[in-house]
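Novice: Right, I'll just put the structure down here and ask away after.
The values are calculated or read from the model by the stated rules, or taken from the named source; none is laboratory data. Worth saying up front: this structure is predicted, and the values here are computed from it rather than measured. Positions of Cβ are generated from backbone atoms using ideal geometry, with glycine treated the same way; all protein chains shown enter the neighbour counts.
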Amino acid sequence: MDLVFSDFLNLALNGLAEGLLVALPALAVTLVFGVARFPNAAVGDFVSLGSFGALTAHRLSGGSMLAAGVGAVAAGMAGTWLAWRLAFAPLLRRKGLALLLTSIGVGFVLRAAMGLGFGHEIKLFDLPPMRAWRWGALIVNPLDVAVGGMSLACVLLVFALLRFTSVGRTMRAIADDMDLARVVGIDSRAAMTRMWLLSGVVCGVAGLAYGLKTQVSPESGADLLLPAFAAAVVGGLGNPLGAVLGAIGLGILQELSTPFVGFTYKIALSYVAMLLVLLWRPQGLFGRVQGVR
């Protein structure tokens, strides 16, 4: 097999696009884990909900992408807020296993509700045909650029909110030490509510991006769940930057390995990488070792 530098560059660009797409649900996973301390297995279903919100708004508005974005974010926020109020808030003092099982149940309920409301057939955005951009041997899909730019903008906005606003500071304080945060007067339930709403925004944008890139169905977001968890674990659960970098790194690794292991087995490479990272650094590449008292 003759491979030249341009081939690897094209594969790396494809991997970057895939990584940015997975980075959003991975960020949602790590936001919930960092504050609420449990792995949210319903993330993929919140992404599907965002996809349906985007598609519905896109069609009702006559094809407006701005309306699709608003619909996606509104659907994601509504879904996560309702899940928090009805399912997770009553179990706030339970251990992580109870919350994990609850999130699995929430995912099934969401999937069934979307199936009843929209049907299980695959739906697509009505997009105009796009020609790939070419610079010599370099090939770039304009849709990848749009989706990647959207994902990157969302990630940067979340990082700015966490770093520079009082909302972000209270969420980080809860993530560091919930008991101490309560002692100094931080309302943990209000911080949790904001975290779930922020997670809904991220899932909504992910739903729009994934729907544009692939398809929309009640089950479509579930395809992102395992890659998102792998990225979050590799980067370090609870570390937003680690989740994003883990997603990008695994995306590029998968695509660069395609000529050697084939399309079928490249996905397994992410989980092999995750296992190796766990054996070497159980807290993830960017995670911190936490003591237990």
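Residue by residue, here is whether (1) of a type in the set (Ser, Thr, Tyr); (2) part of a helix (DSSP H, G or I); (3) in contact (Cβ under 8 Å) with a residue 60 or more places away in the chain; (4) over 20 Å from residue 17 (Cβ atoms) holds:
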site	(1), (2), (3), (4)
245	no, yes, no, no
249	no, yes, yes, no
253	no, yes, yes, no
263	no, yes, no, no
278	no, yes, no, yes
286	no, no, no, yes
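Novice: Go through the residues of region 263-272 one by one and say whether even a single one is more than 30 Å from residue 50 (Cα to Cα) and not hydrophobic (A, V, I, L, M, F, W, C).
Specialist: No - not one qualifying residue is present in region 263-272.
Novice: Taking the criterion of being closer than 30 Å to residue 63 by Cβ and β-branched (Val, Ile, Thr), would at least one residue in region 180-202 satisfy it? If you could, list the steps in order and put the result at the bottom.
Specialist: Restricting attention to region 180-202, the residues satisfying the condition of being closer than 30 Å to residue 63 by Cβ are 197-202.
Then drop every residue that is not β-branched (Val, Ile, Thr), which leaves 201-202.
The answer is yes; a qualifying residue exists.
Novice: Now, a different point. Residues in region 25-39: is at least one free of Cβ contacts under 8 Å to residues at least 40 places away in the same chain, assigned to a loop (DSSP other than H, G, I, E, B) and surrounded by fewer than 20 Cβ atoms within 10 Å (Cβ to Cβ)? Walk me through how you get there before you give the answer.
Specialist: Step one: filter region 25-39 for residues free of Cβ contacts under 8 Å to residues at least 40 places away in the same chain, giving none.
No, because not a single residue in region 25-39 is free of Cβ contacts under 8 Å to residues at least 40 places away in the same chain, assigned to a loop (DSSP other than H, G, I, E, B) and surrounded by fewer than 20 Cβ atoms within 10 Å (Cβ to Cβ).
Novice: Among what's in region 171-219 and is of a type in the set (Val, Ile, Thr) and under 24 Å from residue 150 (Cα atoms), pick the residue that is surrounded by the most Cβ atoms within 10 Å (Cβ to Cβ). Reasoning before the result, please.
Specialist: Of the residues in region 171-219, the ones of a type in the set (Val, Ile, Thr) are 174, 183-184, 186, 193, 201-202, 205, 214, 216.
Going one step further and asking which of them are under 24 Å from residue 150 (Cα atoms), we end up with 201-202, 205, 214, 216.
Working: 201: 22, 202: 31, 205: 27, 214: 16, 216: 26.
Selected residue: 202.
Novice: On to the next question. For a quick check of your reading of the model, give me the residue pairs whose first member lies in region 72-87 and is closer than 26 Å to residue 59 by Cα and buried (at least 24 other Cβ atoms within 10 Å of the Cβ), whose second is modelled with pLDDT under 95 and among the charged types (D, E, K, R), with beta-carbon atoms closer than 9 Å and at least 6 apart or on different chains.
Specialist: none
Novice: Consider region 118-156. How many of its residues are out of contact with any Pro (no Cβ under 9 Å at 6 or more places or on another chain) and not in a loop (DSSP other than H, G, I, E, B)? Full working, then the answer.
Specialist: Just the residues of region 118-156 that are out of contact with any Pro (no Cβ under 9 Å at 6 or more places or on another chain), to begin with: 121-129, 134-154, 156.
So of that shortlist, the ones also not in a loop (DSSP other than H, G, I, E, B) come out as 123, 134-135, 138-140, 142-154, 156.
The number of residues fulfilling the criteria is 20.
Novice: Of the numbered conditions (1) assigned to a loop (DSSP other than H, G, I, E, B); (2) at pLDDT 95 or above; (3) among the β-branched types (Val, Ile, Thr), residue 205 fails exactly one; give the number of that condition.
Specialist: (1)
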